[in-house]
Amino acid sequence: MTEQSIYRHLREFREAFDKPEPLAWPEISHGQLLMMMSPKKQHQLVAHRLRTQLEPQLSADLVLMLETDMEDPGLGVLRVPDLVVIDEEEATAESDAIDPRRCHLVIEIVSRSNPSNDYEGKLRDYPAMGVPHYLIVDPRDGSAVHHWAPTRRTGAPTYDNRQHYTFSDIITVADWKIDAAALPRYSQDTGR
């Protein structure tokens, strides 16, 4: 069975899947269906603060979307970014999923339940999908990492550049600025 046929089967299964609580919609990567916990309120508060800072900075031809399928069938990858900046034209296109080549920025907020998904799996998939800017925001320790300029110089898709930040910094991604001091850290007693 080819990787594309495995992906098609997983995609069909995902569409027919009766998602039990508290799971989010599954992602697909490298022939696997990835089950994640639904975002908790602290995770969503970080997403809200990011959104309220970014939206006023976007030009009229760009849209910021939350938890929307982003798919590259050729790679066999379907991811559901926490936040993604895309062209308005892509937002109104007929397809159900975002074409990653039409996105400008993906932001993932690290969850306590599965941090390796953002730091490893998505850091492998997003440059392969052509995502130009990938920002990982980590409320567990109050840090962020901006990755940009996808390349295949080393043979495997990766990002050529990265910049580390703390929650006391101003994060700069392309023409946008995020005041990380406005982002809350996770409390000690709750999850994602």
So which residues in the stretch 99-116 are without any contact (Cβ under 8 Å) to a residue 40 or more places away in the chain and either within 12 Å of the chain's Cα centre (by Cα) or in a loop (DSSP other than H, G, I, E, B) (or both), if there are any at all?
-> ASP99, PRO100, CYS103, VAL106, GLU108, VAL110
Restricting attention to the stretch 141-162, does a residue exist that is within 27 Å of LEU45 (Cβ to Cβ), loosely packed, with under 15 Cβ neighbours inside 10 Å and modelled with pLDDT of 95 or more?
-> yes
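Conditions (1) within 28 Å of SER5 (Cβ to Cβ); (2) of a type in the set (Gly, Ala, Ser), marked per residue:
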site: ALA60; (1), (2): no, yes
site: GLU67; (1), (2): yes, no
site: MET70; (1), (2): yes, no
site: GLU89; (1), (2): no, no
site: ARG101; (1), (2): yes, no
Is there a residue being modelled with pLDDT of 85 or more, on the phi > 0 side of the Ramachandran plot and either in a loop (DSSP other than H, G, I, E, B) or not hydroxyl-bearing (Ser, Thr, Tyr) (or both) anywhere in the stretch 41-64?
-> no
For ALA97, the lone unmet condition from (1) modelled with pLDDT under 95; (2) touching a helix residue (DSSP H, G or I) at 6+ places or on another chain (Cβ under 6 Å) is (2)
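The values are calculated or read from the model by the stated rules, or taken from the named source; none is laboratory data. Note that the coordinates shown come from a computational prediction; the quantities given were computed from them, not determined experimentally. All Cβ positions, glycine included, derive from the backbone under ideal geometry; neighbour counts span all protein chains shown.
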